[in-house]
Amino acid sequence: MRIGALEAGGTKMVCAVGREDGTILEQMSIPTTTPEETIPKIISYFKEKDICALGVAAFGPVDVNPRSDTYGYILDTPKLAWRHKDLLGELKKELPVPMGLDTDVNGSCLGEMTYGCAKGLDSVIYLTIGTGIGVGVGINGKPLHGMLHPEGGHVLLTRHKDDPEGGICPYHKNCFEGLACGPSIEARWGKKAVELAGRAEVWELESFYIAQALVDFIMILSPRKIILGGGVMHQEQLFPLIRTKVKELLGGYLNTRELADMDSYIVPASLHDDQGIMGCIKLGLDALAQA
Ligand code: ADP
Ligand code: ZN
């Protein structure tokens, strides 16, 4: 069976064809410009591929409620050309196959739940810490939606005493994304995050914010595992710092088997950066099963 997979990102669209077991048969990427230019390129890629379903994981906010009038629309994104665009509807006009849709981070979470390190877990979260911060939540093998979808990147945090400026989110002065995404590191320290690899104070502060957010998610969702992806998490020195700080912030309050083994609890993505596209394959498969 050939399943189409589309990871619709703010900078690029990754288009792929895969199989039920998660194998990726072919893949290519298209830069994300305007919908008028980009969507026809996506359609022409998939038209020739003989796919029987398509799974789409999109940047958000995006309407993922199938009963809503604006299902499949990109909502109030700062990417103005895409605001209120009917992404899924445009694809459906030209590609007559069942389609599944979720957010980019829920897609990655689903990829890890289906093919990766989170198989069989009843509660798991996947964070991407990159240009923005997104949090995907998987409960009993399914991504959590609710009224829209979780927006864990915008939880409010306590600012570090040595961080006078506050965050860069236009909506919130002290949210996780505003304080800890890649561009906020760059704004605070005046250099790209990758160029700050040797500056211990940068990662000390970064891990302070990430750990705070994780403790909030642990308290609310009781995840069995926390998976951290995205460009900023390429700084591997963050992992031990985050694990230590999470333990400190929990203050001995929770004592579970999972928390006793922090190295297996807070982990990098396990699918070699294919977790997103593999999640799309699963979204396509689920859409086919429901068709
Ligand atoms: P996106 O979030 O746009 O999909 P990424 O996950 O690659 O893409 O995130 C891009 C952000 O991650 C940028 O702000 C960049 O500075 C930061 N970044 C990318 N690579 C690294 C790295 N090796 N170390 C630290 N930060 C990085
Ligand atoms: Zn915010």
Seminar exercise, completed: Once both label points are put 7 Å beyond Cα along the C-beta direction, the Gln27-Ala200 separation in nm becomes 3.7
For this session: Report the charge-dipole magnitude of the range 112-182 in Debye, nearest 20, computed about the Cα centre from +1 at each Lys and Arg Cβ and -1 at each Asp and Glu Cβ.
Result: 120
Exercise. Carbon-plus-sulfur fraction of the accessible area of the range 23-175, 1.4 Å probe, in percent?
Worked result: 54
Exercise. Kirkwood Rh over Cα pairs of the range 12-53 into Stokes-Einstein at 20 °C, 1.002 mPa s: D in µm²/s?
Worked result: 194
Exercise. With charges only on Cβ, +1 for K and R and -1 for D and E, what is the dipole size of the chain about its Cα centre, in debye, rounded to 20?
Worked result: 160
For this session: Kindly flag which residue pairs out of Lys49/Lys85; Lys225/Lys245; Lys119/Lys245; Lys119/Lys142 have an alpha-carbon separation exceeding 19 Å in this structure.
Result: Lys49/Lys85; Lys119/Lys245
Exercise. Quick one: if you take sqrt(5λ) for each eigenvalue of the C-alpha gyration tensor of the chain, what semi-axes come out, biggest first, whole angstrom?
Worked result: 32, 21, 17
Problem set entry | Options Pro31, Thr158, Tyr253, ranked by Cα towards positive dipole end of the chain, top entry (Cβ charges) | Tyr253
For this session: Out of all DSSP beta bridges with both ends in the chain, state the antiparallel percent to the nearest 5.
Result: 55
Exercise. What does the accessible area per residue of the chain come to in Å², with a 1.4 Å probe and no ligands, DNA or RNA counted?
Worked result: 46
Exercise. For the chain, what are the DSSP H helices with axial Cα length of 15 Å or more and mean Kyte-Doolittle hydropathy of at least -1.0?
Worked result: 35-47, 104-115, 200-221, 238-250, 275-290
For this session: Filter the GluC sites (Glu not before Pro) in the range 191-291 down to the DSSP loop ones having no more than 15 other Cβ atoms within 10 Å, then list what survives.
Result: Glu236
Exercise. How many angstrom lie between the C-alpha centres of the range 98-132 and the range 218-273?
Worked result: 16
Exercise. What is the distance, in nm, between label points placed 7 Å from the Cα along the Cα-to-Cβ direction at His145 and at Lys12?
Worked result: 3.0
For this session: Order the following by accessible area, largest value first: Leu259, Leu121. Probe radius 1.4 Å; ligands, DNA and RNA are ignored.
Result: Leu121, Leu259
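The values are calculated or read from the model by the stated rules, or taken from the named source; none is laboratory data. Nothing here was measured: the structure is a model prediction, and the numbers come from that model. Don't worry about glycine lacking a Cβ; one is built from the backbone with ideal geometry, like all the others, and counts go over all protein chains shown. These accessible areas exclude ligands, DNA and RNA; they are computed on the full protein's heavy atoms, side chains included. Shrake-Rupley method; radii C 1.70, N 1.55, O 1.52, S 1.80 Å.
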